[in-house]
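Taking it in order: structure first as structure tokens, then the write-up.
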Amino acid sequence: MNDIISNFKVTDRQSFIKFLDLLHKDFLINPESWESKTLSDFLEALSAYAADIQSYYDNMNQNVNADRLDWGIFSDIFKGAKIYE
């Protein structure tokens with residue numbers, strides 16, 4: 001994953017918007033790094049990753065409750081959907 005995207009910190013709505021812009025540019029520049037090549041595939045991966053995100057946080061020993069959403073969790077879901085099958 002693009003280091004800029006993986007290290008980008010989302011803390012509020014404005015930074016989430018910037019993150020989505022970076023994600024879009026990454027898709028245009030590096031489509032080969034994306035598992036999902038179509039919108040349908042991406043939305044399916046987005047849904048699946050949203051369902052699994054708590055397991056990711058638990059496995060990474062991050063003290064995050066995915067049921068208490070914030071803008072950072074939204075960005076984590078989108079980052080995960082980029083590479084999720």
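The values are calculated or read from the model by the stated rules, or taken from the named source; none is laboratory data. Just so we're clear, the structure is a prediction, and the values are computed from it rather than from any experiment. In this analysis, Cβ positions are derived from the backbone assuming ideal geometry, glycine residues included, and neighbour counts consider all displayed protein chains. Heavy atoms of the whole protein, side chains included, go into the accessibility calculation; ligands, DNA and RNA do not. Shrake-Rupley method; radii C 1.70, N 1.55, O 1.52, S 1.80 Å.
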Inset, instruction - Could you pull out the residue among Asp3, Asp52, Asp21 that is open to solvent by 100 Å² or more (accessible area, probe 1.4 Å) and of a type in the set (Asp, Glu)? - result: Asp3
Inset, instruction - Examine the stretch 69-85 for a residue that is open to solvent by 50 Å² or more (accessible area, probe 1.4 Å), modelled with pLDDT of 90 or more and not acidic (Asp, Glu), and state whether such a residue exists. - result: no
Inset, instruction - For Phe42, indicate whether it is within 11 Å of Lys82 (Cβ to Cβ), open to solvent by 50 Å² or more (accessible area, probe 1.4 Å), free of Cβ contacts under 8 Å to residues at least 60 places away in the same chain and out of contact with any Gly (no Cβ under 8 Å at 6 or more places or on another chain). - result: no
Inset, instruction - Return the residue satisfying two criteria in turn: it lies in the stretch 38-64 and is hydroxyl-bearing (Ser, Thr, Tyr) and assigned to a helix (DSSP H, G or I), and of such residues it is farthest from Ser75 (Cα to Cα). - result: Ser40
Inset, instruction - Could you give me the residue pairs with C-beta distances under 6 Å whose first residue belongs to the stretch 1-18 and is under 24 Å from Glu32 (Cα atoms) and in contact (Cβ under 8 Å) with a residue 60 or more places away in the chain, whose second residue is in a loop (DSSP other than H, G, I, E, B) and open to solvent by 70 Å² or more (accessible area, probe 1.4 Å) wherever it lies, and which are 6+ apart or on separate chains? - result: none
